[in-house]
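First the structure, in the form of structure tokens, and then the observations on it.
Please treat every number below as a calculation from the coordinates, not as lab data. In this text the structure is predicted, and so the values were computed from the model without any measurement. Here the Cβ positions follow ideal geometry from the backbone for every residue, glycine too, while neighbour counts run over all protein chains shown.
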Amino acid sequence: MTKVKTALGASLFLLVYLVLIPWLFREQPYRLGVLTTASVLSLISAGVWLMFYIGRINMGQGGFALVGGYSAAILVSKLGLSFWAALIGAGFITVVISVLVGLPLLRLKGVYFSMITLSLTETARLTAQSFPSLTNGTKGILNLPLPGALKIAGFTLIPDFASIDKHFAFYFLGAFLTILGFASLYRIVNSRLGWLFRSLQQNEDLASSFGVDVPRLRVIALAICAAFAGTGGAFFVTMQQSVYPATFTFQDSTYFLLYCFLGGLGSVWGAFVGAFVLFLSFEMLQGLNQFQPLIYSLIMIGMMLWLPNGLLSIKLPFSFNFFSKAGGPACKPEEEAGQP
Amino acid sequence: MTPMNPTPLMEVRNLTKRFGGLVAVNDVSFAVQEGEILSVIGPNGAGKSTLFKLASSFLTPTSGRVFFRGEDVTSQSPHIAARKGIVRTFQETTIFRNMTALDNVVVAHHLRSRASLPGFFFGTKTAGEDEKRFRESASEILNYLGLGDVRDMIASTLPHGHLRALGIAIGMAADPKLLLLDEPFAGMNSEETTQAIRMVRGIRDRGVTIILVEHDMSAVMTISDRIVVLNFGKKIAEGTPAGIQNDELVIEAYLGREDENEEDVNEENVNEENGDEETQESNASSRKAGIENVP
């Protein structure tokens, strides 16, 4: 019964996401672009959500996204790789960097981990500025080519983006990556891995007492988180056809957190719902743009006070099992007075 | 001292742990034989908890070695210790509070898992079999420890005594050879204690060796094969319960010397059960009763 409901919910969602929305906005490329951006932001936020799931607040997701973006841009513009190879390459490079950074940093708990990741975005931005030979410094890398055709054994899987409506192409590619990302996340949370991650969130010492390799699992979680950021960043940069040190800033890192909070940490779809609701409502209220950080902060405070488990924790009059099911406990990262 | 077998299950040799200027554990050595129940007792601040963490690899000693089945296991990670069969429990608050009792124990079966991490992700057949096996085994453990009726309750809603048993159930799930119990009888009334003692003995009879750290003197005297007594980080006595009760140093550690101000002596070690026997007794003699009036 639940399985039927889940399948029904999933197909309904896919129908809206992949058919209805593109059809509604078929003649509004700008709006379609906004939706594509919302997709990719939700994908990057999904990584932050996973870190919440193991009880760590990652405030450096913008940094990982920037690493992914620059990796893709450099692989394409300097090494002449195709976008598709660069997309995978960017994800890979980000994962490697996250593991190197994570090995020492993940020993920190609670607010200490947040504080150190907070500096990661800045570190990434300054690094991008400091190696002009590779990154073009503050000018950034411009005029990135559109993704070419993806051919396997002479068979064209995806046509050259220049030869088709690129807005649609980007929308569907973004949707595909997002669906892939969230499907993986759903699978992680609902498999034994999810149990292990939840056990880390609740008590790392207890988990290690029955043989869980806590440091290794933490690094794995961060690597998955960074894979989302790297792939999302690479996609975003290709869509913008340019990358600057300010493509992802510290502000973006905090927005990724906010998307997770808004949607809810208790459900896999929290990051998705949060990113879409918040990003789209701001696009509709263009005039308020200069107050965006102010309004975001107020929302964040409000959420903490009145809806700590996010939008998805609101009980709807009809039961929409697809959303509420995959939960797991509301994750409040343990406020450990934490020794680093 | 009892005669030693060639290879004890765990041997602790000249263990010392310093925290800055404080020497929490000072040159402590003892060994536990397979199938034994060994208790570590001592007044508050004697270094019991530190010793407990050192033995279970949750702390690294400043000097000294820990051997498990003759193998040097000093300064390894706690999860490696658990893999070798050295499993510790925590005091009651340390459980997965948001999970049901059953799920707590299922998760703790991690070590018995045959599937790999990607195997979990892709839901391979092995992973499915694991899951089924874990649920069965977890139910069995819960039933054995008398938690069968509350298996589907969220752990944070369980009463005190059940939480203690749940902590032990989590430890049992890891299939330990040596189970280290952290104050398993603390805060229990005499009926609960009797039950818990039976439970711990039952675990030993399943082939698990037990080291426990405990305040409850009468429970310790009842259950232990041997007792190690610490005071100010040093081992002051080791032996059978009967021997320990008559040990001058132990009595002194617990009761203080005659001329010492009684209030300096630790309140914690008073056995609460003795309170109602002779309420008008002085502090010191009730404490003495705690050591000597053993069922």
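Quick notes on this structure:
- Residue among A:Ala149, A:Ala153 that alone is away from every other protein chain (no Cβ under 14 Å) and touching an Asp or Glu at 6+ places or on another chain (Cβ under 6 Å): A:Ala149
- Restricting B:Ala186, B:Ala169, B:Ala219, B:Ala155 to residues that are of a type in the set (Gly, Ala, Ser) and surrounded by fewer than 20 Cβ atoms within 10 Å (Cβ to Cβ) narrows the list to B:Ala186.
- Restricting the first member to region B:104-133 and to residues that are touching a residue at least 12 places away in the same chain (Cβ under 8 Å) and within 8 Å of chain A (Cβ to nearest Cβ), and the second to residues that are polar (S, T, N, Q) and loosely packed, with under 15 Cβ neighbours inside 10 Å, the beta-carbon pairs closer than 9 Å and six or more apart or on different chains are B:Ser113/B:Thr126; B:Ala115/B:Thr126; B:Ala127/B:Ser116.
- Check on A:Phe256, crowded, with 21+ Cβ neighbours inside 10 Å and not in a helix (DSSP H, G or I): no
- Where helices (runs of 4 or more DSSP H) sit wholly within region A:136-237, those with at least 1 residues that are within 16 Å of A:Ser42 (Cβ to Cβ) and free of Cβ contacts under 8 Å to residues at least 12 places away in the same chain occupy A:166-190.
- Entry remark, region A:209-225: residues being closer than 24 Å to B:Leu59 by Cβ, small (Gly, Ala, Ser) and surrounded by fewer than 24 Cβ atoms within 10 Å (Cβ to Cβ) number 0 in total.
- Test for B:Ser57: is it in contact with a helix residue (DSSP H, G or I) (Cβ under 9 Å, 6 or more places away or on another chain), crowded, with 22+ Cβ neighbours inside 10 Å and within 14 Å of chain A (Cβ to nearest Cβ): yes
- Listed conditions (1) within 24 Å of A:Asp205 (Cβ to Cβ); (2) buried (at least 20 other Cβ atoms within 10 Å of the Cβ) are all met by A:Leu87, apart from (1).
- Residues that are away from every other protein chain (no Cβ under 14 Å) and aromatic (Phe, Trp, Tyr), drawn from region B:134-154: B:Tyr144
- Region A:186-211, subset more than 7 Å from chain B (Cβ to nearest Cβ) and of a type in the set (S, T, N, Q), residue nearest to B:Arg135 (Cα to Cα): A:Asn190
- Leading residue by the ranking (farthest from the other protein chains (Cβ to nearest Cβ)) among those in region B:69-103 that are buried (at least 23 other Cβ atoms within 10 Å of the Cβ) and touching a residue at least 60 places away in the same chain (Cβ under 8 Å): B:Ala101
- Single residue of region A:1-15 satisfying the filter (surrounded by 12 or more Cβ atoms within 10 Å (Cβ to Cβ) and among the aliphatic types (A, V, I, L, M)) that is nearest to A:Lys166 (Cα to Cα): A:Leu14
- Any hit, region B:192-203, residues being under 19 Å from A:Gly211 (Cβ atoms) and surrounded by 16 or more Cβ atoms within 10 Å (Cβ to Cβ): yes
- Taken residue by residue, region A:229-244 has no member that is out of contact with any His (no Cβ under 6 Å at 6 or more places or on another chain) and within 14 Å of another protein chain (Cβ to nearest Cβ).
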